[in-house]
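Worksheet for the structure shown next.
The values are calculated or read from the model by the stated rules, or taken from the named source; none is laboratory data. Note that this is a predicted model, so its numbers are computed, not measured. Cβ placement follows ideal geometry from the backbone for every residue including glycine, while neighbour counts extend to all protein chains displayed. Just the protein is used for accessible areas: all its heavy atoms, side chains included, with ligands, DNA and RNA removed. Shrake-Rupley method; radii C 1.70, N 1.55, O 1.52, S 1.80 Å.
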Amino acid sequence: MEENVQQHKRRPRYKGTHPRSYKEKYKELNPEKYADTIQKVIGKGSTPAGMHISICVQEILDFLNIQPGQQGLDATLGYGGHTKEMLKCLKGNGHIYGLDVDPIESEKTKKRLKEQGYGEDILTVKLLNFANIDQVAQEAGTFDFVLADLGVSSMQLDNPDRGFSYKTEGPLDLRMNPEKGISAAERLRTITQEELEGMLVENSDEPYARQISKEVVEEIKRGGRMETTIDLRKAVEKALSFLPEGEQKEAVKKACQRTFQALRIDINEEFEVLYSFLEKLPSVLKPGGRVAILTFHSGEDRMVKKSFKRFAREGVYKEVCKDVIRPSAQECVRNGRAKCTKMRWAIKA
């Protein structure tokens with residue numbers, strides 16, 4: 001008797017140990033397709049390619065205290081992990097608006113959530129910068145709760161096409177919305193050493209800002225390329241070659257992280273966007289409305305802390321968190337990207 005055996009299909013292998021194109025190195029970005037391996041990857045403290053593990057979910061839900069019938073705003077939709085958990089709290093009654101400037105990932109997230117039962121009757125996704133929350137409030141009215149996760153999503157970090165990571169080769173882009181503005185590569189073509197040094201200090205507290213900015217600008221003047229993530233990483237490596245050999249690897253790693261962060265903040269005008277969001281925030285909250293914000297570096301956290309304290313002094317917020325909330329040690333083990341996260345909250349008067 002002929003058995004109906006389903007033939008196992010092997011995952012496609014990449015071409016050789018040194019692929020010609022960086023795209024051939026790119027991991028499969030359809031984690032749902034490999035559900036059996038996701039938990040193994042997460043169990044090792046890593047994030048599966050194409051997936052984002054939401055941070056401080058329980059802490060956020062505990063604070064927001066979402067009730068059925070309420071209206072909320074996820075100002076930074078991303079992969080939709082936080083949004084999904086907040087939607088569950090509504091129990092089919094209420095509405096959440098999700099904003100994102102990334103046309104590539106927001107469309108994927110909208111489709112993913114719809115397939116999980118969260119359609120337009122309960123979720124509205126808008127391709128909009130969260131600096132423009134007042135525009136959403138004009139249409140939807142004020143909100144019972146607001147969440148903003150200021151971190152770069154893992155899908156963006158893991159996609160070489162986006163140029164967010166120094167670890168993988170790809171175009172030096174770094175734009176949240178690749179359809180608008182100029183890329184990081186274009187920005188560097190005309191930058192001065194003084195300007196780049198100031199950017200590195202202001203946006204990421206880079207201790208080797210002078211050495212890195214000097215090497216990058218001089219390399220471009222010599223006719224060198226600064227078009228890919230690897231080009232910039234090599235410039236950082238060369239700039240720090242004066243360090244003792246035993247210190248270089250770790251120093252280069254951290255300097256690359258800070259350099260890419262500084263450029264990303266500049267390209268996307270992240271501080272200006274955050275300032276605008278924080279200024280408009282009280283006007284979109286209902287009386288007693290709650291807001292939680294996750295930050296990932298000191299510059300962001302300082303801005304949130306100062307804004308909350310100022311509005312509290314002015315009586316706009318009736319209560320703000322006294323101490324920053326951090327992910328548990330267990331969560332940091334499960335998700336290494338959670339380690340630098342800080343959460344702050346406020347309640348509208």
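Scan the stretch 213-227 and give yes if some residue there is crowded, with 18+ Cβ neighbours inside 10 Å, hydroxyl-bearing (Ser, Thr, Tyr), closer than 30 Å to SER106 by Cβ and touching a residue at least 12 places away in the same chain (Cβ under 8 Å), otherwise no. No, every residue in the stretch 213-227 fails to be crowded, with 18+ Cβ neighbours inside 10 Å, hydroxyl-bearing (Ser, Thr, Tyr), closer than 30 Å to SER106 by Cβ and touching a residue at least 12 places away in the same chain (Cβ under 8 Å).
Just one of the listed residues (ILE267, ILE293) is at pLDDT below 95 and either aliphatic (A, V, I, L, M) or touching a strand residue (DSSP E or B) at 6+ places or on another chain (Cβ under 6 Å) (or both), and it is ILE267. Consider LEU285 carefully, then state whether it is under 20 Å from TYR166 (Cα atoms) and not aromatic (Phe, Trp, Tyr). Spelling it out, it is not the case that LEU285 is under 20 Å from TYR166 (Cα atoms) and not aromatic (Phe, Trp, Tyr).
The condition of being in contact with a helix residue (DSSP H, G or I) (Cβ under 8 Å, 6 or more places away or on another chain), under 21 Å from ARG162 (Cα atoms) and not in a strand (DSSP E or B) holds for only one of GLY78, GLY69, that being GLY78.
Listed here are the residues, each with its yes/no results for (1) modelled with pLDDT of 90 or more; (2) small (Gly, Ala, Ser).
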{"site": "VAL57", "(1), (2)": "yes, no"}
{"site": "GLY92", "(1), (2)": "yes, yes"}
{"site": "ASP100", "(1), (2)": "yes, no"}
{"site": "LYS108", "(1), (2)": "no, no"}
{"site": "ARG112", "(1), (2)": "yes, no"}
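Against the condition without any contact (Cβ under 8 Å) to a residue 24 or more places away in the chain and within 15 Å of the chain's Cα centre (by Cα), how does GLU300 come out, does it pass? No: the conditions fail for GLU300. Every condition in (1) without any contact (Cβ under 8 Å) to a residue 60 or more places away in the chain; (2) within 19 Å of the chain's Cα centre (by Cα); (3) open to solvent by 30 Å² or more (accessible area, probe 1.4 Å) holds for ARG344 except the one numbered (3). Of all residues in the stretch 151-205, those that are open to solvent by 20 Å² or more (accessible area, probe 1.4 Å) and among the aliphatic types (A, V, I, L, M) total 5.
On the given criteria, is GLY315 at pLDDT 95 or above, small (Gly, Ala, Ser) and either open to solvent by 70 Å² or more (accessible area, probe 1.4 Å) or under 18 Å from PHE63 (Cβ atoms) (or both)? So GLY315 does not fit the description; no. Go through the stretch 261-289 and count every residue that is open to solvent by 30 Å² or more (accessible area, probe 1.4 Å) and touching a His at 6+ places or on another chain (Cβ under 9 Å). So the count comes out to 1. Scan the stretch 235-260 for residues that are in contact with a helix residue (DSSP H, G or I) (Cβ under 6 Å, 6 or more places away or on another chain), open to solvent by 40 Å² or more (accessible area, probe 1.4 Å) and either of a type in the set (Asp, Glu) or closer than 16 Å to SER165 by Cβ (or both) and the total you get is 2.
On the stretch given as the stretch 294-311, residues that are open to solvent by less than 40 Å² (accessible area, probe 1.4 Å) and in a helix (DSSP H, G or I) total 7.
Determine if the stretch 258-269 includes at least one residue that is farther than 30 Å from LYS309 by Cα, part of a loop (DSSP other than H, G, I, E, B) and either of a type in the set (A, V, I, L, M, F, W, C) or within 24 Å of the chain's Cα centre (by Cα) (or both). Scanning the stretch 258-269, I find no residue that is farther than 30 Å from LYS309 by Cα, part of a loop (DSSP other than H, G, I, E, B) and either of a type in the set (A, V, I, L, M, F, W, C) or within 24 Å of the chain's Cα centre (by Cα) (or both), so the answer is no. Set side by side, the residues ALA148, ALA140 differ, and just one is open to solvent by less than 10 Å² (accessible area, probe 1.4 Å), touching a residue at least 40 places away in the same chain (Cβ under 8 Å) and of a type in the set (Gly, Ala, Ser), which is ALA148.
Counting only helices (runs of 4 or more DSSP H) that sit wholly inside the stretch 149-246, those with at least 3 residues that are more than 19 Å from the chain's Cα centre (by Cα) are 184-189, 193-204, 209-221, 229-239.
Could you check, for the stretch 111-130, whether at least one of its residues is closer than 19 Å to ILE293 by Cβ and touching a residue at least 60 places away in the same chain (Cβ under 8 Å)? Yes: the stretch 111-130 contains one or more residues that are closer than 19 Å to ILE293 by Cβ and touching a residue at least 60 places away in the same chain (Cβ under 8 Å).
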